Amino acid sequence: MKRREFLKTAGAGLAASTAVAAPAIASMPELKWRCTTSWPKSLDVPFSASETISKYVAEATDNKFQIQAFAGGEIVPALQAVDAVTNATVEMCHTAAYYFIGKDPTFALYCSVPFGLNSRQQNAWFQDHGGQDLLNEFGKKHKLYGIAGGNTGTQMGGWFRKEINTVDDLNGLKMRIGGWAGKTLSKLGTVPQQIAGGDIYPALEKGVIDATEWVGPYDDEKLGFYKVAKYYYYPGWWEGGTALHFYINTDKWEALPKAYKSLLTIACGYANMDVQARYDARNPQAIKRLVANGTQLRPFSQAVMEACLKASNEVNAETSATNPDFKKILDSQTEFRNDGNLWWQVAEYSFETFMIRTRPKG
């Protein structure tokens, strides 16, 4: 009897909850948003982030809230994604904020600065140290509400037609390099070029640029850089962990029902984890294939790294002296990084160093 009573009660409860949930969804507004991105569809990992949120938000709302993802160039050019959100051409975008440092250097701090936070430190700073709040306070100036939406992990140092043996080898080099790192390399004589991902290969092939960086083995193999540049350098000291973001027009965000805000935040959180998981799973095999195809792996020398660190510190100090937003957020990140690195070397670094040292050869 007790079992029958339990099943009867449970069944009634389930029916009641379903009856509540169905009208709740039915009463929600039907919305169709557009999300422009800075990626061609061929770069499937970063582009997948927008597809991920579209899928989960639609499923959770019984297709009441639909978000359609667009590749760079389909609505606006890849490097105008943020402008399209600010002026409400689209409701949201997915991009790397450092593409927009021409508006304000502070945009770099959403994404990555030389010798800055690694990916896990970034997530910790964003989520549990007030970083997201600091950035969104700044974002109000551009009608942007930002949510972290993916990370590449530490990137490679890029593809070069010639070896970089000394700091002098950087002088006069025309290099496609995004974001704040271009300012650093400019101090060493490099000529930085801001070029969207889908346009890099022809520029490198035709000699418009002498070198390029993008992300890492999986994407770089897809873009074919190994066919026109032999030397592949590491690490990408300018991008210890490159955070991608979803940006939503603030008016559109504020108008969303609370349930939709929660669903979109949760979906972006999943995409944030998923992007780096895909890169971490795919980069190892890709770098093996690149080496098999003749790519020459090269580390940047200690002298080059130290010269770049010095130049980076100079750029940050000069910018902080004239830009209060940049200084406030950079100071928060720097303090967090210094504490984080102390902890990192106690457990993470010692463990990984041992595992690399004892890895089977071959």
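The values are calculated or read from the model by the stated rules, or taken from the named source; none is laboratory data. All values derive from a computational prediction rather than experimental measurement. A quick note on method: Cβ atoms are made from the backbone with ideal geometry, for glycine too, and the neighbour counts reach across all protein chains shown. Remember, those area values only see protein heavy atoms, side chains included, never the ligands or the DNA or RNA. Shrake-Rupley method; radii C 1.70, N 1.55, O 1.52, S 1.80 Å.
Values as computed for the structure displayed
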| read-out | value |
| --- | --- |
| Test result for I287, open to solvent by 70 Å² or more (accessible area, probe 1.4 Å), in a helix (DSSP H, G or I) and among the β-branched types (V, I, T) | no |
| Residue that is open to solvent by 70 Å² or more (accessible area, probe 1.4 Å) and not hydroxyl-bearing (S, T, Y), where the choices are A255, A259, A271 | A255 |
| Residue that is farthest from K327 (Cα to Cα), among those in region 104-119 that are of a type in the set (S, T, N, Q) and assigned to a helix (DSSP H, G or I) | S119 |
| Given (1) within 18 Å of C93 (Cα to Cα); (2) buried (at least 23 other Cβ atoms within 10 Å of the Cβ), number of the condition P114 does not satisfy | (1) |
| Odd one out for L134 among (1) at pLDDT 95 or above; (2) aliphatic (A, V, I, L, M); (3) in a loop (DSSP other than H, G, I, E, B); (4) open to solvent by 10 Å² or more (accessible area, probe 1.4 Å) | (3) |
| Checking A281 against (1) closer than 23 Å to C35 by Cβ; (2) out of contact with any helix residue (DSSP H, G or I) (no Cβ under 8 Å at 6 or more places or on another chain); (3) surrounded by fewer than 16 Cβ atoms within 10 Å (Cβ to Cβ), the condition it does not meet | (1) |
